[in-house]
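Read-outs: derived from the displayed coordinates by stated rules, not from any lab. Fair warning: this is a prediction, and the values are worked out from it, not measured in the lab. Backbone-built Cβ (ideal geometry, glycine too); neighbour counts: all protein chains shown.
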Amino acid sequence: MTVVSRSEAAEVGKITGLILAGGRGARMGLRNKAMLPLGGEILLARVRRRLASQVSGIMVAVHGDVSDWAPLCAGCSVVVDERQPRQGPLAGLETALRHVPNDWLLSVPVDVPFFPLDLAWRLGGECRDGRQPIVAMSRGRMHPTVALWPGGMLGAVTAALDRNQRGLNDFLRQIPHVRVEFPDEYGGFDPFFNINTLQDLEEAACWLEFLP
């Protein structure tokens, strides 16, 4: 088995960024999480800014009318998950994989605003044969929406959705993949802190002083 070097696997020109922004925001009173304010900018803008230096271009996967997103995504490609009913991030990944022009797709959800600025480099350093997803972990927990996906994954993703399998965790359990553990940062902060509630949003605002 050939091991790909860290610099080769994480080369920006070979990676397209994917922001998963198609969730319903059920625990937020059906608010659009992408529009939530944090530190003077909306979550979509913050996530996009952190991702931009790590990838060659950015796609935003959404569900619904693309015209609602156009003003927020200037300079990005907006891809629309058209599966009905809404089937979660696996469907967003499927749509993005149909459009991805590069060898790898780096996915992050719009509600994880503090992911590492060297995420692509650290995940890419664990590339083995160019065919397996590389998934982030923290505190012993896998984060399937934070991952490097090979472009050749489209067939497997579509097949899973066609048999009504919607969960990324379940999907990954059925295929070979690599897991990369990320330690806490800055005195005990989970780098994949997830904003699901308004209380989470308030906590995230408190961390802004200490995190880049």
**Fill in**
Taking a ≥ b ≥ c as the square roots of the Cα gyration tensor eigenvalues, with a/c under 1.5 meaning rounded and otherwise prolate when a/b beats b/c or oblate if not, the stretch 54-212 comes out oblate
**Item:** Under Karplus coefficients 6.51, -1.76 and 1.60, residue-wise ³J(HN,Hα) of the stretch 31-38 in Hz, glycine/proline x
**Value:** 6, 6, 4, 4, 9, 5, x, 8
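Using Cβ contacts closer than 10 Å as the measure, can you line up 207, 69 from fewest to most? If you can, show how the numbers build up before the last one.
Numbers: 207 15, 69 18.
Sorted ascending by nearby Cβ count, the order is 207, 69.
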**Message:** Please report the spacing between the Cα centers of the stretch 88-134 and the stretch 137-175 in Å, no decimals.
**Reply:** 11
**Mean Cα-pair separation over length for the chain, i.e. relative contact order, pairs under 8 Å, 6 or more apart, %** = 25
**Asked** So how far apart, in nm, are the two label points at residue 129 and residue 49 if each is 7 Å from Cα heading toward Cβ?
**Response** 4.2
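To the nearest 0.05, how large is the calculated FRET efficiency for residue 80 and residue 200 if R₀ is 30 Å and r is the Cβ-Cβ distance?
On the way: r = 27 Å, r/R0 = 0.89.
So the FRET efficiency works out to roughly 0.65.
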**Complete:** Amide H proximity to residue 57 below 5 Å, modelled H, separation 5+ or other chain, gives 17
**Prompt:** In the chain, which cysteines lack any other cysteine Cβ under 4.7 Å from their own?
**Reply:** 127, 206
